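Peer 1: There's a structure below that I have some questions on.
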Amino acid sequence: MRPSLTTRTLWAYRDDGPASRALGRMAAGRLPPLPAAVLAAAATAVLLPLRAHGGPAPALYAPVVVLLLTGPSSAHPHSGRLDWLAPPILRGIEYGYLAVLGFAQAISAPLVHVLIAVLALHHYDTMCRVRRGAWPQEWVVLAGLGWEGRVLLVALAGLSGFLPFAYAALAAYLGVLFGSESVLTRTRRGGRRGVLVDSSGAVVGGRGGRPPQ
């Protein structure tokens, strides 16, 4: 069955990557997104301030907990009255985690700010496109790793001792990826307002770039 416009919009706002989508397919859209997002936010708030006692900081395991809680609900149609709150809660978890972890691990403040700014601009760009009916392209969603891929990568770098490099590399990579894709997309826009076409003139769109059925 073809997803509704509201469903596809909220799916795009979630910015799920491959791992979250895989869990969503396993759950077949049966789990509601809002309770999962609230529990994930609470778990993150509990784990972030905990101190390490002779081992890795508990905060480094928070992304796995968040993914296991929220991933299975990613395929839900988000048709509940308050399900629209799930995407902004996920944004708060992602931005908050990157900020708190970065500052707690003595990452350069400008570097933390740049990474979060890149992500915020990307999500704002996605919102503006979706409102015009121009859905994010699948390849850029996958290349952008999804919210869960980004926080998992940072957590893994923290466990490996490469956290400053991870922040710098992510900021540079995502800045080039999202910035160049946004510029190229605008140069390839079709004659109809809000419709995206690729270099061959084929229309693209749908959930995270998936064409509407």
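Peer 1: Tell me which residues, restricted to the stretch 72-103, are open to solvent by 30 Å² or more (accessible area, probe 1.4 Å), outside any loop (DSSP other than H, G, I, E, B) and small (Gly, Ala, Ser).
Peer 2: Within the stretch 72-103, 92 is the sole residue that qualifies.
Peer 1: Let me ask something else. With respect to residue 134, is the statement that it is in contact with a strand residue (DSSP E or B) (Cβ under 9 Å, 6 or more places away or on another chain) and either open to solvent by less than 10 Å² (accessible area, probe 1.4 Å) or in a helix (DSSP H, G or I) (or both) true?
Peer 2: Yes, satisfied.
Peer 1: Given the residues 142, 152, 156, which is the only one that is touching a Phe, Trp or Tyr at 6+ places or on another chain (Cβ under 9 Å), open to solvent by 40 Å² or more (accessible area, probe 1.4 Å) and at pLDDT 85 or above?
Peer 2: 156
Peer 1: Still on this structure, please answer the following. Taking helices (runs of 4 or more DSSP H) that do not extend beyond the stretch 1-57, which have at least 3 residues that are closer than 23 Å to residue 99 by Cα and hydrophobic (A, V, I, L, M, F, W, C)?
Peer 2: 33-47
Peer 1: OK, next. Of all residues in the stretch 162-174, how many are open to solvent by 30 Å² or more (accessible area, probe 1.4 Å), assigned to a helix (DSSP H, G or I) and farther than 11 Å from residue 107 by Cβ? Can you show your working first?
Peer 2: Residues of the stretch 162-174 that are open to solvent by 30 Å² or more (accessible area, probe 1.4 Å), as a first pass: 162, 164-165, 168-169, 172-173.
Those still in the list that are assigned to a helix (DSSP H, G or I) too: 164-165, 168-169, 172-173.
From what's left, farther than 11 Å from residue 107 by Cβ: 169, 172-173.
Result for the stretch 162-174: 3.
Peer 1: Could you list, ordered by first residue, the pairs with Cβ atoms under 7 Å in which the first is in the stretch 18-32 and in contact (Cβ under 8 Å) with a residue 40 or more places away in the chain and the second is aliphatic (A, V, I, L, M), at least 6 apart or interchain?
Peer 2: Listed by first residue and then by second, the contacts come to 18/142; 19/67; 20/67; 24/75; 25/75; 27/75; 28/75; 29/75.
Peer 1: Continuing with this model, one more query. Restricting to the stretch 98-137, what's the tally of residues that are hydrophobic (A, V, I, L, M, F, W, C), within 20 Å of residue 187 (Cβ to Cβ) and either in contact (Cβ under 8 Å) with a residue 60 or more places away in the chain or in contact with a Gly (Cβ under 9 Å, 6 or more places away or on another chain) (or both)? Explain how you work it out, then say what you get.
Peer 2: From the stretch 98-137, those hydrophobic (A, V, I, L, M, F, W, C) are 98-101, 103-104, 106-107, 109, 111-112, 114-121, 127-128, 130, 134-135; that's our starting set.
In the following step, the residues that additionally are within 20 Å of residue 187 (Cβ to Cβ) were identified as 121, 128, 130, 134-135.
With either in contact (Cβ under 8 Å) with a residue 60 or more places away in the chain or in contact with a Gly (Cβ under 9 Å, 6 or more places away or on another chain) (or both) added as a condition, the list becomes 121, 130, 134-135.
Going through the stretch 98-137 one residue at a time, the tally reaches 4.
The values are calculated or read from the model by the stated rules, or taken from the named source; none is laboratory data. The model shown is predicted, which means the values in this text are computed figures rather than measured ones. Every residue, glycine among them, receives a Cβ derived from its backbone with ideal geometry; neighbour counts consider all protein chains shown. Note: areas computed on protein heavy atoms with side chains; ligands, DNA, RNA excluded. Shrake-Rupley method; radii C 1.70, N 1.55, O 1.52, S 1.80 Å.
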